[in-house]
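Since the structure comes first, as structure tokens, the remarks are kept for the end.
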Amino acid sequence: MSRIFAYSRVSTIGQTTENQIHEIKAAGFDLQPQRAIEETISGSTSSSERPGFNKLLERMESGDVLVVTKLDRLGRNAIDVQSTVELLEGKGIKVHCLALGGVDLTSAAGKMTMGVLAAVAQFERDLLIERTQAGLKRTKAAGTKLGRPVVASAEDVRKLKLEGLSQSGVAARLDVSLSTVKRLWVK
């Protein structure tokens, strides 16, 4: 008989996983408290680097079912989610995602859904890159200087150095960090 596990994750200390656990139980999954892994860790962290998720992997066996409320609980991006689902499928573990109608992501329909979502995510990333590059090109064409503002020049540092000031003295006079002066000191 398959065991039901739940993985719920939030990104910050002030958040709670209670709603995710409630959704899983409300969907009809019989969830034992010891099989609900809750974790507070950034979504930008790969699933393989999440201690709670790794603990879950150690406890699960072939035939078990993992339930999550949303795909983004499983990984930082579509590729990470897909590799996580493939890892679980390789161990004989089914993955149900409530946000996708409770579909088993390891089934044929689930794999198709994952493929479509991965393609859409890649399309969105590509569009974002194109818009960013077009915006940078337009900004440059308008004559706007990009990058960090120059707070001191090598010439400013050289002049004060000739006055006999130390590096920390130059930093104080120019109201810049010592590391900025050190970077410009030899130029």
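The values are calculated or read from the model by the stated rules, or taken from the named source; none is laboratory data. Since the structure is predicted, the reported quantities are computational estimates derived from the model, not experimental observations. All Cβ positions, even for glycine, are placed from backbone atoms using ideal geometry, and neighbour counts span all protein chains on display.
If PHE123 meets every condition in (1) in contact with a Ser or Thr (Cβ under 8 Å, 6 or more places away or on another chain); (2) more than 21 Å from ALA36 (Cα to Cα) apart from one, which number is that one?
Single failed check for PHE123: (1).
Residue by residue, here is whether (1) part of a strand (DSSP E or B); (2) in contact (Cβ under 8 Å) with a residue 60 or more places away in the chain; (3) in contact with a strand residue (DSSP E or B) (Cβ under 9 Å, 6 or more places away or on another chain) holds:
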position	(1), (2), (3)
SER8	yes, yes, yes
GLN15	no, no, yes
ASN19	no, no, yes
GLY28	no, no, no
GLU38	yes, no, yes
GLY52	no, no, yes
VAL67	yes, yes, yes
ILE79	no, no, no
VAL95	yes, no, yes
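Among residues belonging to the range 100-113 that are within 16 Å of GLY90 (Cα to Cα) and touching a helix residue (DSSP H, G or I) at 6+ places or on another chain (Cβ under 6 Å), point out the one that is surrounded by the fewest Cβ atoms within 10 Å (Cβ to Cβ).
Of everything passing the filter in the range 100-113, ASP104 is surrounded by the fewest Cβ atoms within 10 Å (Cβ to Cβ).
Of all residues in the range 24-52 being among the charged types (D, E, K, R) and out of contact with any helix residue (DSSP H, G or I) (no Cβ under 6 Å at 6 or more places or on another chain), which is surrounded by the most Cβ atoms within 10 Å (Cβ to Cβ)?
Filtering first and then ranking leaves ARG50.
Going residue by residue through the range 77-94, is there one that turns out to be of a type in the set (Gly, Ala, Ser) and either in contact with a Pro (Cβ under 6 Å, 6 or more places away or on another chain) or surrounded by 20 or more Cβ atoms within 10 Å (Cβ to Cβ) (or both)?
Checked against the condition, which is being of a type in the set (Gly, Ala, Ser) and either in contact with a Pro (Cβ under 6 Å, 6 or more places away or on another chain) or surrounded by 20 or more Cβ atoms within 10 Å (Cβ to Cβ) (or both), the range 77-94 yields at least one hit.
Given the condition at pLDDT below 90 and touching a Lys or Arg at 6+ places or on another chain (Cβ under 6 Å), answer yes or no: does some residue in the range 74-82 qualify?
No, the range 74-82 contains no residue that is at pLDDT below 90 and touching a Lys or Arg at 6+ places or on another chain (Cβ under 6 Å).
Restricting the search to the range 105-164, which residues are basic (Lys, Arg), in a loop (DSSP other than H, G, I, E, B) and closer than 30 Å to GLN82 by Cβ?
Selection gives nothing.
Tell me which residues, restricted to the range 122-147, are among the charged types (D, E, K, R) and closer than 29 Å to ILE79 by Cα.
GLU124, ARG125, ASP126, GLU130, ARG131
Would you say LEU74 is crowded, with 16+ Cβ neighbours inside 10 Å, touching a strand residue (DSSP E or B) at 6+ places or on another chain (Cβ under 8 Å) and farther than 17 Å from ARG3 by Cα?
For LEU74, the condition - crowded, with 16+ Cβ neighbours inside 10 Å, touching a strand residue (DSSP E or B) at 6+ places or on another chain (Cβ under 8 Å) and farther than 17 Å from ARG3 by Cα - is met.
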